[in-house]
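Here's the structure, in structure tokens; my notes come after.
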Amino acid sequence: MKFEDEPVPGQPFPIRPGHSSGGRLERILREGVFAVTAELDPPDSADAEDVYRRARIFDGFIDAMNATDGAGANCHMSSVAVCALLRRVGYAPVMQVACRDKNRIAIQGDVLGAAAMGVCNILCLTGDGVQAGDDPGAKPVFDLDSLSLLETIRTMREESRLLTGRKLDSPPRVFLGAATNPFTEPLEFQPIRLAKKIAAGAQFIQTQYCFDLDKFRIFMTRARDLGLLEQVFILAGVGPPASARAARWMRSHIPGVTIPDSIIHRLEGAGDQQAEGRKICIELIQQLREIEGVSGVHIMAYRQEKSIAAIVRDSGVLDGRTPWYPERGRNPGYLGQETD
Amino acid sequence: MLRLRLWSVRHARLLEAIYEAFERFLIKLGPLLERIGHERLEKPVAALERISKGLFFDCQMCGECILSSTGMSCPMNCPKTLRNGPCGGVRPGGFCEVKPEMRCVWVEAWEGSRLMRKPEAIRALQKPVDARLKGRSSWLRVIREKTRDNPP
Ligand code: SF4
């Protein structure tokens, strides 16, 4: 899928009136196309090719990919660097920023640097606690929270100034996102928290894994009643559980993940649990698409990234279109070699 | 004092009223305190605040008290010190992601806020806290903000 004013890969689009960024994701969402994003697993490596190899497996199936920021409180290549590498060849990364590891000085600096390197989408997160990762002795920062982070970046973009008031010569033109977990307590507060996030600057939302569609529908109805659905693009989080055991592990070890027993029983009853997990994921995508206010899906398939292409294809959500991906070999910025 | 802190949330409405009355009283006291000098008062008042609010709210003395917007549940007891609502990691039953034995302070805050006369206060967007104010009296700061023409 190409736009008529498609730039040289690595350069941003001209910013359309009413848009905040020169990014592909914002364009797709504002055109009303059902968007597909996925989570890229950042490498434990200092080799750029490791990033490109992980990105390439999504080619032609997704519109943007999230570069996680120390997800699960584990160290990996930084989201700023992953995004910068991806931008060199024209991909549309969503840079995740967690408040756990950096204070406001470092975060604002990263936002400027990322925007300078062509990053057009930023997802503002609180971040998992350090207890969740493999380095629980690290010092948790949490100087900002996801809301004050959103407001900070929006102010940088709209008013061209830092939190201190100091003027910026050029503001970061970024499309701002936030996460939402409609499945955890306090349930009734979650739609209000979404409203707060929108008020603070969120333009798109990527949700936690949606396995419990009844709960999700209640959340969306509340969001609609609050008039939020016209103000924000909601991408519902999905992922294929690899097995019943993996699903059990996820819900007890990954903060905020809720998986109903019915899904686990369905996996247990299947001959090929992995295939069943993918089937569940495809069905969820198709059902989510029918829910009012859902503008796309965000696929998180940790260690199963290779399955994403087939899941997207079989779900039919692309309606025959092929999301843009870099034309390899012709791109001067692309240094890697063709592998797998 | 976890027990007392939970009691405080259960009685958020009462404490909200007491707190409002206390704030009015503080503001009346303003001119007197002004004469004594806030710098001279800072230490004893902060100590008093630490003891009383510590008892009822497990107050962490952030110096920018927002209890009336958080259902009388001190957000600085959140291990992530979140001031705008819960993180996405709240455990089943409303327990904290980081400290599983503790109820999430924001689950408490939501319950407390609904008992209050101004339940909508929890919707206010809170600015990042000023780390310089940690350990200082928020009462004196309120007086300064509400009584001086040019707050510092
Ligand atoms: S679960 Fe609640 S108390 Fe615990 S870190 Fe998250 S918001 Fe804070």
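Taking 10 °C and 1.306 mPa s as conditions, segment B:6-130 diffuses translationally at an estimated 103 µm²/s according to Stokes-Einstein applied to its Kirkwood radius (Cα pairs). Shielding of peptide B:112-118 by partners, expressed as the average count of other chain Cβ atoms within 10 Å per residue Cβ, is 1.
Tell me whether segment A:129-238 comes out rounded, prolate or oblate; compute the Cα gyration tensor, take square roots of the eigenvalues as a ≥ b ≥ c, and use a/c under 1.5 as the rounded threshold. Present the calculation step by step, with values, prior to reporting the outcome.
Working: a/c = 2.40, a/b = 1.27, b/c = 1.88.
Oblate.
Listed values for segment A:257-268 are Karplus-derived 3J(HN,Hα) couplings in whole Hz (6.51 cos²θ - 1.76 cosθ + 1.60, θ = phi - 60°), namely 8, 10, 10, x, 4, 4, 5, 5, 5, 5, 5, 4, and x replaces Gly and Pro. A Förster radius of 60 Å, combined with the Cβ-Cβ distance separating B:R24 from A:D134, puts the computed FRET efficiency at roughly 0.70.
Evaluating 6.51 cos²θ - 1.76 cosθ + 1.60 at θ = phi - 60° for every residue in segment A:159-171, the Karplus couplings come out as 10, 6, 8, 7, 4, 6, x, 4, 5, 9, 6, 8, x Hz, glycine and proline recorded as x.
Put a dot 7 Å past the Cα of A:Y302, heading toward its Cβ, do the same for A:E6, and the two dots end up 3.6 nm apart. The modelled label-to-label distance between A:R248 and B:E39, using points 7 Å beyond Cα along the C-beta direction, is 6.5 nm.
Counted by neighbouring Cβ atoms within 10 Å, the residues B:L6, A:L147, A:L288 run from fewest to most as B:L6, A:L288, A:L147. What number comes out for the charge environment of A:E158, summing +1 per Lys or Arg and -1 per Asp or Glu over other residues with Cβ under 14 Å away? Net of charged neighbours comes to +3. The packing ranking, built from the mean of other Cβ atoms within 10 Å per residue, places the peptides B:35-44, A:80-89 in the order A:80-89, B:35-44, highest first. Each part gets one Cα centre, and for segment A:186-242 versus segment A:261-297 those centres are 18 Å apart. In this calculation the C-beta distance from A:L226 to B:D130 is compared with R0 = 45 Å, giving a FRET efficiency of 0.90.
Taking amide H as placed 1.01 Å from N in the peptide plane, the amide H of A:H298 sits under 5 Å from that of A:T37, A:A236, A:G237, A:V238, each at least 5 places away or on another chain.
Maximal additional length on extending the A:C75-A:S45 stretch stands at 9.7 nm, based on 0.36 nm per residue less the C-alpha distance. Taking other Cβ atoms within 10 Å as a rough exposure proxy, A:D319, A:D145 sort from fewest to most as A:D319, A:D145.
Quick one: if the Förster radius is 25 Å, what FRET efficiency do A:H265 and A:D314 give, using the C-beta to C-beta distance and rounding to 0.05? List each step's numbers first, then the result.
Values: r = 23 Å, r/R0 = 0.92.
Between A:H265 and A:D314 the formula returns 0.60.
Rounded to the nearest whole angstrom, the semi-axes of the ellipsoid equivalent to segment B:1-64, taken from the Cα gyration tensor as √(5λ), stand at 25, 15, 7, largest first.
Residue by residue along B:43-52, Cβ atoms of other protein chains within 10 Å of the local Cβ number 0 on average.
Hydrodynamic estimate: the Kirkwood radius of segment A:206-340 over Cα pairs, inserted into Stokes-Einstein at 10 °C and 1.306 mPa s, corresponds to D of 96 µm²/s. Within the listed set A:R224, A:R16, A:R248, the Gaussian network model of chain A (springs between alpha-carbon atoms below 10 Å) gives the highest mean-square fluctuation for A:R16. Answer rounded, prolate or oblate for the protein assembly as shown, using the Cα gyration tensor with square roots of eigenvalues a ≥ b ≥ c: rounded when a/c is under 1.5, else prolate when a/b is larger than b/c, else oblate. Prolate, since a/c reaches 1.5 and a/b exceeds b/c.
Remark: B:I51, A:I299 ranked as B:I51, A:I299, counting other beta-carbon atoms within 10 Å and listing the fewest first.
Bear in mind that the values in this text are calculations on the coordinates, not laboratory data. What you see is a predicted model; the values in this text were computed from it and never measured. Don't worry about glycine lacking a Cβ; one is built from the backbone with ideal geometry, like all the others, and counts go over all protein chains shown.
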